[in-house]
1. Looking only at residues in region A:215-232 that are farther than 19 Å from A:Val164 by Cβ and modelled with pLDDT under 90, which one is nearest to the other protein chains (Cβ to nearest Cβ)?
2. Run A:Leu246 past the list (1) closer than 19 Å to A:Ser294 by Cβ; (2) surrounded by 16 or more Cβ atoms within 10 Å (Cβ to Cβ) and report the number of the one that doesn't hold.
3. If you go through region B:200-213, how many residues are touching a Leu at 6+ places or on another chain (Cβ under 7 Å) and either surrounded by 24 or more Cβ atoms within 10 Å (Cβ to Cβ) or free of Cβ contacts under 8 Å to residues at least 60 places away in the same chain (or both)?
4. Scan region B:81-108 for residues that are part of a helix (DSSP H, G or I), small (Gly, Ala, Ser) and over 17 Å from B:Gly150 (Cβ atoms) and jot them down.
5. With the requirement that a residue be facing another protein chain (nearest Cβ under 9 Å), in a loop (DSSP other than H, G, I, E, B) and at negative phi, what does region B:319-375 give you?
6. Is it the case, given these coordinates, that A:Gly161 is touching a strand residue (DSSP E or B) at 6+ places or on another chain (Cβ under 9 Å), within 11 Å of chain B (Cβ to nearest Cβ), surrounded by fewer than 22 Cβ atoms within 10 Å (Cβ to Cβ) and at pLDDT below 95?
7. Out of (1) in contact (Cβ under 8 Å) with a residue 12 or more places away in the chain; (2) touching a helix residue (DSSP H, G or I) at 6+ places or on another chain (Cβ under 8 Å), what's the single condition that is false for A:Thr275?
8. Conditions: (1) buried (at least 24 other Cβ atoms within 10 Å of the Cβ); (2) more than 20 Å from B:Ala272 (Cβ to Cβ); (3) within 21 Å of the chain's Cα centre (by Cα). B:Ala95 meets all but one. Number of the miss?
Amino acid sequence: MKTLLAGAAMALMGLTGAALADGHANYPERPIMMMVSYGAGGATDFQARIVTMTAGNEDALGMPIAILNKPGAGGRVGWNWLATQAEADGYTLGAYNIPHFVAQSIKGGVQYSADSFEPIANWGADPAVLVVGADSEFNTLQDVVDFAKANPGKLTTSGAGLFVGHHIAALQMEKAGEMKMAYIPTKGGGAAAMKAVIAGDVMAGINNLSDAFRAAQAGNVKILAVADLERNAFLPDVPTMVESGLDVDNSSVNFRGVMVPKGTPQGIIDKLAATVPAMFENSRVAGKMKAGGSPMHIMTRDEVLAMWAAREETLKELLAGL
Amino acid sequence: MEFIYYFGDVFTPINFGLLLLGTIGGLILGATPGLSPTMAVALLIPFTFQLEAAQGLILLGAAYTSTVAGGAVSAILLKIPGAPANIATTLDGHAMAQKGEGAKALQLSFLSSAVGGVFGVLLLIFLTPVLAKWALAFGPSHLFWLAILGVTVIGTLDSKSVVKGLLSGCIGLWLATIGFDDIMGAQRFIFHPSLGGGINIIAALIGLFAIPQVITMFARGRRDDGAEVIEVQKHPIRGAFAEMMRNKRAVGIGTAVGSIIGLIPGVGGQIAGLVAYDQSKKFSPDRDKFGTGHPEGLIAAESANNAMVGPSLVPLLTLSIPGSPTAAVLLGGLLIHGIFPGTDLFDNHPDVAWTFINSMLIGQILMCIFGLYVAGLAAKVARVPQSVMAAIVLGLAVFGSYSVQSSMGDVYVMASLGVMMYFLERFGFSAAPLVLGLILGPIAESNFIQGSMIASATDGLAPYFLSGTLNIFLIAVVVASVLYSAYMELRTRRYTSMEEIIG
């Protein structure tokens with residue numbers, strides 16, 4: 001279906017006259033594909049579709065971006081594909097999730113590392129939050145910490161999997177609080193982890209701010225703390241972990257953005273790096289993202305490069321003992 | 001009764017037009033192998049960007065409803081189950097088509113889909129708050145026992161021999177371990193890059209069911225000129241109604257099983273059809289006829305897989321937790337309009353919520369009408385000469401398995417599993433138990449690991465898995481199911497000679 005649409009769009013292009021082929025000045029000359037390494041309907045896919053919906057506008061890339069889902073193994077399948085099989089011609093982009101892919105590459109068994117890709121721009125930042133069931137006896141982060149210290153390894157805490165933001169946040173909490181929790185990774189991502197908290201299968205959970213926000217609105221959970229440097233606009237009343245006395249920085253924040261495989265011509269990278277952040281700033285995009293409860297955080301290529309490097313360093317240190 | 005006030009909204013010209021579009025489009029998408037309901041709904045999401053919230057949801061709801069039913073078309077006519085929900089449909093449905101009763105099989109499948117579907121949506125309308133609690137009651141230990149209950153069905157499913165059924169179930173369980181394990185991230189049996197993401201269930205389904213058939217058709221084509229064509233018997237719709245009325249038990253079992261299993265997050269849709277098929281076989285006096293083109297099996301399977309549609313949305317609509325992949329996609333469709341499922345949906349946007357649910361109710365009926373209309377036409381597929389048919393099915397199999405995640409790797413997986421299944425079938429193994437193993441393996445495994453992690457942090461393994469009313473109830477059902485199978489096996493002792501065991 002998508003290829004059909006893309007084909008139709010290409011035929012239209014042909015009608016409007018062949019473009020001149022001087023370097024990459026005319027890039028893009030045909031529709032672009034963006035690989036998302038999670039399934040259709042997931043948070044990353046959902047946001048990727050929103051932020052790319054204005055790509056065809058004249059003030060953006062002038063060409064539509066089609067989403068290609070390559071889910072599997074917590075994103076490893078898609079990123080393996082992007083690093084080794086995708087063509088580095090500027091017509092294949094990929095969505096990244098930090099810290100997932102960096103953490104996976106540190107743990108090994110995959111064919112990519114942060115050096116396999118070139119970031120373009122960041123569109124969103126979804127911090128991890130600590131949630132407990134609505135009827136839980138815990139009311140503050142301090143309650144949770146006190147319990148975990150008194151009962152080492154007894155605080156069952158759900159999260160979306162191993163080596164994803166939720167897990168990183170749990171590791172940081174353990175380190176900062178000098179305590180031991182029982183981190184329970186779930187199959188089926190954040191939704192399954194949230195279900196475990198609401199149903200009382202576990203005592204606490206670490207989840208995405210956007211999903212937790214919805215669950216809290218519905219009255220199903222209490223959000224105790226945000227693992228970020230500042231409070232979040234969606235949750236102005238919820239303190240950060242640092243405020244509550246636990247020295248946890250923003251290493252677990254799930255950054256989402258666009259990247260290309262290494263080897264993509266520099267001219268194309270520069271052009272994308274210049275136009276894509278502006279494309280994310282489109283008011284229609286911002287409106288849809290806000291409506292969906294997805295926090296936006298636009299960063300340019302240089303900022304993302306610095307962020308990737310910083311994450312890699314923190315994660316190497318944090319995961320060294322595991 | 002609030003829902004009645006919003007019935008009018010379904011029938012505004014635009015809404016009704018979208019409902020028709022979703023229903024007809026869904027039937028076509030559902031009948032295409034490889035396009036599972038999840039895929040079909042995901043493909044439609046971008047179109048809903050431009051629509052109002054209620055309109056977008058009508059389109060998505062109608063498409064969900066009718067793709068599940070449309071999957072029966074390829075299951076019956078081509079023996080390719082479009083989604084796990086339709087596996088059980090192939091068992092008797094395709095056998096009926098081969099006897100020339102394709103039209104009857106399709107009519108029965110759409111009628112029973114509609115009965116199950118309407119019941120499921122009514123449950124969603126009237127019992128949502130009660131059902132939400134029930135859906136949450138299933139923790140890791142319960143889901144583990146539920147998967148084990150599914151495993152006990154494996155031996156008796158579509159196989160002449162319990163031992164062979166269990167063996168193919170084991171092959172399925174092994175295949176399920178391939179890839180990165182979802183919880184711990186360990187790599188298992190990845191001997192080819194295509195297997196990195198594990199074996200995709202849709203690609204496996206297509207390969208296991210369609211390819212052995214394609215090979216058989218080609219082989220037969222070499223022996224004669226392929227002129228052997230099945231005459232399609234006309235079947236009046238009235239006859240299908242009468243047949244349905246004769247099989248009230250199958251309709252009842254299918255609808256009940258589908259509704260109950262559909263509720264359970266993460267398990268529901270995949271096994272509803274198979275469990276209903278197995279249950280109605282166990283309760284039927286004609287249990288020997290199952291698998292030979294017996295309408296009862298078809299009716300149970302199809303009423304179950306549509307009955308599951310309504311209840312499967314309960315966790316999403318009330319708790320904002322998507323209980324199935326399709327529900328996750330629908331969640332995206334809601335969020336894009338700034339609507340949060342849960343109390344927000346019913347309190348602040350009742351028009352959207354009820355128009356959506358009502359349209360699924362009307363959609364079930366529309367789906368049935370269109371389905372019955374095309375049943376006669378579609379059944380003519382059986383008149384296509386075998387050699388041509390084989391080529392078409394092969395083409396669809398490649399297209400379907402590629403389109404699941406735009407990956408050539410899935411096509412290789414589909415082809416190799418298919419060829420393997422061809423030889424296994426020669427030795428009397430069948431595909432359904434294998435697929436059930438493939439589906440249940442990860443459910444049992446991940447819930448066991450998760451449960452044991454929780455258990456070791458709290459009160460220990462044995463109390464966690466073996467105590468509590470729901471655990472004990474499920475264990476009792478598992479034991480009863482095993483004993484029943486053993487009893488039936490001993491009582492009917494099917495083998496009298498060496499040849500029968502091998503054949």
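The values are calculated or read from the model by the stated rules, or taken from the named source; none is laboratory data. Everything quoted here is computed from the prediction, not taken from an experiment. Neighbour counts run over all protein chains shown; Cβ positions are idealised from the backbone, glycine included.
1. Going through the qualifying residues, I end up with A:Ala218.
2. All conditions pass for A:Leu246, except number (1).
3. Matching residues across region B:200-213 total 4.
4. Residues satisfying the conditions are B:Gly93, B:Ala95, B:Ala97, B:Gly102, B:Ala103, B:Ala105.
5. B:Ile321, B:Pro322, B:Gly323, B:Ile336, B:His337, B:Ile339, B:Phe340, B:Pro341
6. No, not satisfied.
7. Failing condition for A:Thr275: (2).
8. The single condition B:Ala95 does not satisfy is (1).
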